[in-house]
1. Order A:72-83, A:32-43 from most to least packed using the mean count of other Cβ atoms within 10 Å.
2. Which value, in Å³ per residue, describes the convex hull spanned by the Cα atoms of region A:145-206?
3. Label region B:14-57 by shape, choosing from rounded, prolate and oblate, from the square roots a ≥ b ≥ c of the eigenvalues of the Cα gyration tensor; if a/c is under 1.5 it is rounded, and otherwise prolate applies when a/b is larger than b/c, oblate when it is not.
4. What ranking do A:Ser243, A:Ser16, A:Ser45 get, fewest neighbouring Cβ atoms within 10 angstrom at the top?
5. Roughly how crowded by other chains is peptide A:209-218, in terms of the mean Cβ count from those chains within 10 Å of each of its Cβ atoms?
6. Using a simple spin-label model with points 7 Å from Cα along the Cα→Cβ vector, what separation in nm is obtained for B:Arg58 and A:Gln60?
7. For every other residue with a beta carbon closer than 15 angstrom to the beta carbon of B:Gly20, add +1 if it is Lys or Arg and -1 if Asp or Glu, then tell me the sum.
8. If amide hydrogens are placed 1.01 Å from N in the peptide plane, which non-local residues have theirs closer than 5 Å to the one on A:Asp124?
Amino acid sequence: MLATVLTAALVAFLASSVEMVEALTIVLAAGVSRGWRSALLGAASAVVILLILVVVFGVQILALVPIDVLRVVVGSFLLLFGLKWLKKAILRQSGRKALHAEDQIYAHQVAALSRQGGRRGGIDAEGFATAFNGTLLEGLEVALIIVAVASGTAVRGSLGWAALGAVAAFVIVGAIGVALRAPLARVPENLLKFVVGLMLTTFGTFWAGEGLGVRWPGGEAYVLAILAALIVYSLVLVAALRSRSPAQAQARKAGSVS
Amino acid sequence: MNALRWVYNFVVGDVYLLIGAGIVLVLGWLLHTALGPLDGVLVPLGVLAVLTVSLVRRPE
């Protein structure tokens, strides 16, 4: 019996780790590009809502929340956000959009968000919403894993052990996130935004497709295939746009004249 | 109206991305049973196509 509950804890730990790494990626992406305060507040708000739902509804929560609908909504949101960021990053890398100094970008973003009403009380709405959605969806999937693993073993007390496995995954993945914060801060801002755009587009495509019933070959591992395709294609787009940029055309013209 | 415009600018701000992603997701949903295992390949390809169209039609 002990072996059974320990296996339940291990399975819950491993499966939850995959979901939490996905949530961590989104929170890190939101944090490094839109500010840690908004991203962490978004993630914490999602955790609080999840805890309230679990305390109020218990395991019945999984019957109440249509997980596929949530996947489509959150996935579509991240896909649109990701495509918007990726497009801007491609335009910057290809020289079609100016690579401003970080101070200028910050001042511009603050001014733009103030005009749009996006920043209220020091909270960046995009950063908050991205981290909140990613954490809420992955948190519900972790709850689903815990209940599925516990009901699969059908041993008394296995729900607690499965939950313990998920908590261990939360602590370890969270520690990895804290450790990654400092190195990420040293990455050039435009490269970081490129990576964030790639990550959000990848997860958005994966989650929205999953919710709509698309069958991903290889399950969760297919995220890496989507990411790889996006990276390669984005670099091709950067090269193609760079070769057609006005500056390049002018340089070619100058070269042919001399 | 201002609130709708704010939401639009906040989430995407590009009509090609909005309509393109919508078409890809709706087609993915409608055709996923007919396409069989191909849907896992065609949906990401559709996303790449949307990105390309937006970059070509509205490079700003």
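What follows is calculated from the coordinates using simple rules that are stated; it is not laboratory data. Remember, predicted model here, so these are calculated numbers, not experimental data. Cβ: placed from backbone, ideal geometry, glycine included. Neighbour counts: every protein chain shown.
1. A:72-83, A:32-43
2. Working: hull volume 4.8 nm³, N = 62.
Once divided by residue count, the hull of region A:145-206 is 78 Å³.
3. Because a/c hits 1.5 or more and a/b fails to exceed b/c, region B:14-57 counts as oblate.
4. A:Ser243, A:Ser45, A:Ser16
5. On the way: counts 12, 0, 2, 9, 5, 12, 8, 6, 4, 1.
Mean partner shielding for this stretch: 6.
6. Between B:Arg58 and A:Gln60, the label points sit 4.5 nm apart.
7. Computed value for this residue: +3.
8. A:Ser38
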